[in-house]
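Peer 1: Below is the structure I would like to discuss, written out as structure tokens.
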Amino acid sequence: MSDYVAPLADMRFVLENVVDLPGLAKVPRFEHADPEMVYGALEEAGRFFSQEFAPLNRVGDEQHSRRNDDGSVSTPDGFSAAYRRYVDAGWGGVPFPADYGGGGFPWLVGTVIQEMMTAANMAFSLCPLLTQGAIDMLLHYGSEEQREIYLPKMVTGEWTGTMNLTEPQAGSDVGALTTKAVPADDGSWRITGQKIFITYGEHDLADNILHLVLARVPDAPPGTKGISCFIVPKLLVNDDGSLGERNSVECVSIERKMGINASPTCVMAYDGAVGYLIGEPNEGMRYMFKMMNNARLSVGLEGLAVGERAYQAAVAYARERRQGRAPGAPAGESSPLIDLPDVRRMLLTMKAQIEALRCVAYLNAESIDLANNHPDESVRQWRTELADLLTPLTKGWGTDLGVELTSLALQVHGGMGYVEETGVAQHYRDIRIAPIYEGTNGIQAMDLVGRKLGLRGGGVMADFQAQIAGTIDELGRAEGDLAVIGDRLDAGLSALRDATDWLMHEGLSDPVAALAGATPYLRLAGVTAGGWLMARSALAAQRLLGDGLGDAEFLEQKIVTARFYCDQILPQVHGLVPAVTAGADDLVAAHF
Ligand SMILES: Cc1cc2nc3c(=O)[nH]c(=O)nc-3n(C[C@H](O)[C@H](O)[C@H](O)COP(=O)(O)OP(=O)(O)OC[C@H]3O[C@@H](n4cnc5c(N)ncnc54)[C@H](O)[C@@H]3O)c2cc1C
């Protein structure tokens, strides 16, 4: 079904009013990213992904990728041709440096494009997504020579990338991996071991695949301190850049899964495969940590993207389907679902949370850009901290929301949602992986409580709360809807403060108690961050309305949605405080 329409007006509103794309375009590295030109590119991207990727979403779900007897993997009909057009159009290179053939645009712009690509076809989008992760690793830690050899082809998308962390005994506990790397005489390495769950580990979309593989060198220390990262090309690359011999790595099987069926999830066998060390031995985990913000933001974005796609389907269905009679509707006529109060509640619950999540995800992306590129050291420092804090929220809260939003969209469809015909069931099945991979949401919550709360002795979270308080002050000077939003946000901030203080004080003396409350705390922090940015949206909309700028109906709707979020969703945080501060006694006492 090609029924996805990129929500360009909503995206642009966030880019201009919640984050500051025009400001970002003044940062020296991004001076060519003129906002009007960016909006034009986004419009074109919306058209491209709606037309080229979205119609293949159902095909991919029905056909799956298939492993052939010779170990090759065939993607569903139409994928290869659409991927070629994606490469030709240059979408994969947008946020990467011009030195390697990229567009040199901010990560924020790449993030918006990624939202569209993922909404159009989540299973397809994973191939470019994994390539992006591999490019990022090489840009940060690859040698000059490695970058010259691999990056130009990867930036265009002619070659794709994979990330090989997981082994049967090493999932969340990456430090338990046992894949081995031994040095060869020519300075390269030989990699032996088995990796599981490798996304796009084998496929027919590109000429070559660069596997980034975590392995242990001889005498490496145990655990995460002894992990090194290697490039293992599927086809070895000759000195002149041409493709050479097949390396000894193969896909031995692919998994049957609940969703994202077009994405081949491969068991990969490395049998003395030629590999090239990235950076220093035993530093692989540190490198991975450095890149985690980008990858986790991308997965959080999946919750937003697939949630938006499912929301659009729900609205369309609710307009068409008639059942019962809405209060006040003429007798003898059945009403469209969209007129029924409970259906409107579901739709607005989706709409408001999607908008809140988009704000948080884009702020996260903007923070990554400013952390890496702003000329002022203090701005770089704060944005590094903010990106660190927001990343587990975008990933954890965003992907949980993805599941909830698609579930609500399914509910709007009634029985037709549960059968496959409408396509909404696929969104629900597809997004269910997102809370699991790229660090389960349980691991995100531990990261938030165990690492991020302690940043700068608690100062980062305190500064974050101070920013929310600043918005509350602004709202306090307003009237009507905005004043109500301010009151709700003030109460939400108190809940965040109470829960944070408890974790910082009681929790420090009893880490088990803190970890027991980590997941509800992540939710609490995510919902509050969303409320904060929805309040800022409302302030901006009010300002624009006052100045007579923009589309009045669109701006009034921004205020309605923000009010609903702050009135009806944000108060959830009060119910979460007891779960954060309960301690672990019940968890310890329970028998299973
Ligand atoms: C479709 C798909 C695609 C994937 N793609 C890739 C890929 O491209 N590359 C790659 O390397 N991997 C990939 N993975 C693997 C994925 O990242 C792992 O499945 C994930 O990290 C979880 O590991 P696990 O499955 O072993 O679960 P486990 O680690 O066994 O976790 C099971 C449960 O226990 C909890 N848990 C585990 N440890 C802790 C702890 N210390 N404290 C509290 N709770 C804990 C988890 O939160 C989870 O709820 C993919 C997986 C799937 C299903």
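The values are calculated or read from the model by the stated rules, or taken from the named source; none is laboratory data. Here the structure is a predicted model, which is why all the values come from computation and not from measurement. Neighbour counts are summed over all protein chains in view; Cβ atoms, including those assigned to glycine, are modelled from backbone coordinates with ideal geometry.
Peer 1: Which condition does residue 219 not pass, out of (1) more than 13 Å from the ligand (Cβ to nearest atom); (2) in contact with a helix residue (DSSP H, G or I) (Cβ under 8 Å, 6 or more places away or on another chain), if it passes all the others?
Peer 2: Of everything listed in (1) more than 13 Å from the ligand (Cβ to nearest atom); (2) in contact with a helix residue (DSSP H, G or I) (Cβ under 8 Å, 6 or more places away or on another chain), residue 219 misses just condition (2).
Peer 1: Is it true that some residue in the range 272-289 is outside any helix (DSSP H, G or I) and crowded, with 24+ Cβ neighbours inside 10 Å?
Peer 2: Checked against the condition, which is being outside any helix (DSSP H, G or I) and crowded, with 24+ Cβ neighbours inside 10 Å, the range 272-289 yields at least one hit.
Peer 1: Which condition number in (1) more than 21 Å from the chain's Cα centre (by Cα); (2) in a helix (DSSP H, G or I); (3) surrounded by fewer than 20 Cβ atoms within 10 Å (Cβ to Cβ) is the one that residue 50 fails?
Peer 2: (1)
Peer 1: Something else now. Hey, among the residues in the range 58-78 that are acidic (Asp, Glu) and closer than 24 Å to residue 431 by Cβ, which one's surrounded by the most Cβ atoms within 10 Å (Cβ to Cβ)?
Peer 2: 61
Peer 1: Let me ask something else. Can you name every residue in the range 430-471 that is over 16 Å from residue 499 (Cα atoms) and of a type in the set (S, T, N, Q)?
Peer 2: 440, 441, 444, 467, 471
Peer 1: Let me ask something else. Within the range 1-47, count every residue that is over 30 Å from residue 75 (Cα atoms) and outside any helix (DSSP H, G or I).
Peer 2: Number of matching residues: 10.
Peer 1: Every residue in the range 228-262 that is within 16 Å of the ligand (Cβ to nearest atom), touching a Gly at 6+ places or on another chain (Cβ under 8 Å) and under 14 Å from residue 276 (Cβ atoms), please.
Peer 2: Result: 228, 229, 230, 231, 232.
Peer 1: To continue, here is another question. Go through the residues of the range 523-543 one by one and say whether even a single one is free of Cβ contacts under 8 Å to residues at least 12 places away in the same chain and surrounded by fewer than 24 Cβ atoms within 10 Å (Cβ to Cβ).
Peer 2: Within the range 523-543, one or more residues are free of Cβ contacts under 8 Å to residues at least 12 places away in the same chain and surrounded by fewer than 24 Cβ atoms within 10 Å (Cβ to Cβ).
Peer 1: Okay, moving on. Could you list, in sequence order, the residues of the range 565-576 that are surrounded by fewer than 20 Cβ atoms within 10 Å (Cβ to Cβ) and under 26 Å from the mean Cα position of the chain (by Cα)?
Peer 2: Correct list: 568, 571, 572.
Rundown of residues vs (1) within 15 Å of the ligand (Cβ to nearest atom); (2) part of a loop (DSSP other than H, G, I, E, B); (3) touching a residue at least 40 places away in the same chain (Cβ under 8 Å); (4) surrounded by 21 or more Cβ atoms within 10 Å (Cβ to Cβ), yes/no style:
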site	(1), (2), (3), (4)
92	no, no, yes, yes
96	no, yes, yes, yes
105	no, yes, yes, yes
109	no, no, yes, yes
117	no, no, yes, yes
123	yes, no, yes, yes
132	yes, no, yes, yes
147	no, no, yes, no
150	no, no, yes, yes
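Peer 1: Would you mention how many residues in the range 161-185 are in contact with a Gly (Cβ under 8 Å, 6 or more places away or on another chain), more than 7 Å from the ligand (Cβ to nearest atom) and assigned to a strand (DSSP E or B)?
Peer 2: Result for the range 161-185: 4.
Peer 1: Further question on the same structure: Which members of the range 186-208 meet the condition of being more than 16 Å from the ligand (Cβ to nearest atom), touching a Leu at 6+ places or on another chain (Cβ under 8 Å) and assigned to a strand (DSSP E or B)?
Peer 2: Of everything in the range 186-208, those that are more than 16 Å from the ligand (Cβ to nearest atom), touching a Leu at 6+ places or on another chain (Cβ under 8 Å) and assigned to a strand (DSSP E or B) turn out to be 189, 208.
Peer 1: Here's a check for you: in the range 416-451, which residue that is farther than 21 Å from residue 403 by Cα and surrounded by fewer than 21 Cβ atoms within 10 Å (Cβ to Cβ) is farthest from the ligand (Cβ to nearest atom)?
Peer 2: Among them, the one singled out is 451.
Peer 1: May I pose another question? Taking the range 477-502, which residues are among the small types (Gly, Ala, Ser) and either crowded, with 16+ Cβ neighbours inside 10 Å or touching a residue at least 12 places away in the same chain (Cβ under 8 Å) (or both)?
Peer 2: Within the range 477-502, 478, 486, 491, 492, 495, 499 meet the criteria.
Peer 1: When residues of the range 316-342 are filtered for being closer than 16 Å to residue 411 by Cβ and in a loop (DSSP other than H, G, I, E, B), how many remain?
Peer 2: Of the residues in the range 316-342, 4 are closer than 16 Å to residue 411 by Cβ and in a loop (DSSP other than H, G, I, E, B).
Peer 1: Here's something else I'd like to know. In the range 186-201, what residues are surrounded by fewer than 23 Cβ atoms within 10 Å (Cβ to Cβ) and in contact with a Gly (Cβ under 8 Å, 6 or more places away or on another chain)?
Peer 2: Within the range 186-201, 188, 190, 192 qualify.
Peer 1: Here's another thing I want to ask about it. With the requirement that a residue be at pLDDT below 95 and over 18 Å from residue 368 (Cα atoms), what does the range 13-33 give you?
Peer 2: Matches in the range 13-33: 32 only.
Peer 1: State yes or no: is residue 331 at pLDDT below 95, among the aliphatic types (A, V, I, L, M) and out of contact with any helix residue (DSSP H, G or I) (no Cβ under 6 Å at 6 or more places or on another chain)?
Peer 2: When the stated conditions are applied, residue 331 passes them.
Peer 1: I need the full set of residues from the range 261-302 which are in contact with a Leu (Cβ under 7 Å, 6 or more places away or on another chain), polar (S, T, N, Q) and within 27 Å of residue 248 (Cβ to Cβ), in order please.
Peer 2: Matches in the range 261-302: 263 only.
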